[in-house]
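Input: a single structure, listed below in structure tokens.
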């Protein structure tokens with residue numbers, strides 16, 4: 001692919017910026033799975049343990065029975081007691097890579113690889129079966145058959161639970177024809193979504209910032225989807241955008257005033273987590289990333305080049321208004337750390353009221369995969385950011 005092809009692609013991408021539309025109303029699926037705020041409060045709780053050696057830990061999800069699963073490449077470890085103890089590592093399948101998602105309508109857990117297959121479990125991760133899937137292209141023709149899409153290094157997908165599109169499965173992915181430096185300004189984040197329980201997937205239009213890769217998304221209780229995107233071209237905080245149509249388009253992007261995208265001295269960004277707590281009537285979001293000022297930005301002729309140095313201080317932030325403000329943060333681990341994603345417990349199970357952070361870190365940032373388990377009360381004892389106020393309804 002030559003420079004003319006890249007220029008044509010850039011022009012076509014720019015034409016996709018359009019105005020948003022309001023979500024349609026519909027029956028909510030969430031009533032089965034949302035609970036009270038109280039289980040996330042009470043006395044502060046925090047524990048951390050190492051699950052795997054080496055970098056990884058790409059997915060953390062909680063099955064409907066409360067079993068917490070962390071995948072590491074093609075293997076998985078499970079906890080049935082809320083994260084206190086963990087099973088031995090077990091293989092999912094020989095080519096089991098991709099992004100995890102829990103189908104809230106069936107209870108199945110799947111590891112989706114947009115290149116044409118998924119591994120799926122009906123017993124909370126004990127056994128897995130490989131199945132073929134079909135991936136359809138977006139309006140630019142990108143993603144047909146899963147070509148040039150990848151789903152590694154993303155926050156797990158979700159089942160939409162509110163509004164017109166409730167029941168839809170959606171997971172963030174990246175369109176990446178090449179990792180060569182000349183392509184990095186063109187690569188973009190997107191998503192794939194399914195309305196037939198994961199057999200067929202439609203590729204979304206691009207996230208409206210190019211040079212992006214690795215992302216997270218969360219559904220707000222009015223049916224909008226908030227998309228959080230890493231960027232690797234310019235130095236600055238995290239990018240966000242909205243979908244008002246169940247994930248077909250990502251619109252109205254902005255750069256956060258408060259949330260970092262990796263080490264602040266680097267343009268390279270870093271994978272981070274985003275999740276909504278299942279609390280009825282509230283849109284409490286948790287975000288994870290590095291809270292440090294290290295790193296370097298490559299020379300202009302090397303724009304987009306890998307520059308992951310200086311990564312440390314994995315931290316979590318809390319929003320109580322659906323991502324408008326982020327008034328609290330708390331340091332989880334002060335040492336070298338890198339990629340992270342988030343999970344949350346289920347009501348009526350041993351995991352209820354807990355928030356889970358899987359992250360790379362240790363003596364060096366890729367030494368091991370750690371899992372921290374904590375509640376909202378622990379996070380609220382952290383540091384005020386000055387970005388909004390903690391509402392009275394969440395305070396003791």
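For residue 118, are the conditions met, namely being crowded, with 18+ Cβ neighbours inside 10 Å and over 26 Å from residue 47 (Cβ atoms)? Judged against the criteria, residue 118 is a match. Output yes when any residue across region 174-184 is farther than 20 Å from residue 214 by Cα, within 17 Å of the chain's Cα centre (by Cα) and crowded, with 19+ Cβ neighbours inside 10 Å, and no when none is. No: region 174-184 contains no residue that is farther than 20 Å from residue 214 by Cα, within 17 Å of the chain's Cα centre (by Cα) and crowded, with 19+ Cβ neighbours inside 10 Å. Pairs linking a residue in region 363-385 that is modelled with pLDDT of 95 or more to a residue that is part of a helix (DSSP H, G or I) and crowded, with 21+ Cβ neighbours inside 10 Å, with Cβ atoms under 9 Å and 6 or more positions apart or on different chains, are 375/40; 376/40; 377/40.
Taking residue 96 as the residue in question, decide whether it is crowded, with 19+ Cβ neighbours inside 10 Å, touching a strand residue (DSSP E or B) at 6+ places or on another chain (Cβ under 7 Å) and assigned to a strand (DSSP E or B). No, not satisfied. Just the residues that are within 19 Å of the chain's Cα centre (by Cα) and in a loop (DSSP other than H, G, I, E, B), please, taken from region 287-310. Hit for region 287-310 is 291, nothing else.
When residue 333 is tested against (1) in contact (Cβ under 8 Å) with a residue 60 or more places away in the chain; (2) outside any loop (DSSP other than H, G, I, E, B); (3) within 23 Å of residue 235 (Cα to Cα), exactly one condition is not met: (3).
For region 185-197, residues that are closer than 23 Å to residue 58 by Cβ and surrounded by fewer than 21 Cβ atoms within 10 Å (Cβ to Cβ) total 1. Among 265, 272, 281, which is surrounded by fewer than 21 Cβ atoms within 10 Å (Cβ to Cβ) and touching a residue at least 60 places away in the same chain (Cβ under 8 Å)? Answer to the check: 281. Of all the listed residues (367, 360, 383, 352), the sole one being touching a strand residue (DSSP E or B) at 6+ places or on another chain (Cβ under 9 Å) and surrounded by 23 or more Cβ atoms within 10 Å (Cβ to Cβ) is 360. Hey, any hits in region 104-115 for a residue that's touching a helix residue (DSSP H, G or I) at 6+ places or on another chain (Cβ under 6 Å) and modelled with pLDDT of 75 or more? Within region 104-115, one or more residues are touching a helix residue (DSSP H, G or I) at 6+ places or on another chain (Cβ under 6 Å) and modelled with pLDDT of 75 or more.
Among the residues of region 322-339, count how many are over 15 Å from residue 374 (Cα atoms) and in contact with a strand residue (DSSP E or B) (Cβ under 9 Å, 6 or more places away or on another chain). So the count comes out to 11.
Evaluated against (1) over 18 Å from the mean Cα position of the chain (by Cα); (2) surrounded by fewer than 19 Cβ atoms within 10 Å (Cβ to Cβ); (3) in a loop (DSSP other than H, G, I, E, B), residue 322 falls short on exactly one condition, (1). Say whether the condition of being part of a loop (DSSP other than H, G, I, E, B), touching a strand residue (DSSP E or B) at 6+ places or on another chain (Cβ under 6 Å), modelled with pLDDT of 95 or more and over 30 Å from residue 315 (Cβ atoms) is met by at least one residue in region 35-42. Looking for residues that are part of a loop (DSSP other than H, G, I, E, B), touching a strand residue (DSSP E or B) at 6+ places or on another chain (Cβ under 6 Å), modelled with pLDDT of 95 or more and over 30 Å from residue 315 (Cβ atoms), one finds none in region 35-42, hence no.
Which members of region 55-78 meet the condition of being in a strand (DSSP E or B) and crowded, with 23+ Cβ neighbours inside 10 Å? The answer is 59, 60, 61, 62, 68, 69, 70, 71, 76. Considering region 137-158, and only residues there that are more than 13 Å from residue 113 (Cα to Cα) and surrounded by 15 or more Cβ atoms within 10 Å (Cβ to Cβ), the residue that is modelled with the lowest pLDDT turns out to be 140.
The values are calculated or read from the model by the stated rules, or taken from the named source; none is laboratory data. Nothing here was measured: the structure is a model prediction, and the numbers come from that model. Heads up, the Cβs are rebuilt from the backbone with ideal geometry, glycines too, and the neighbour counts pull from every protein chain shown.
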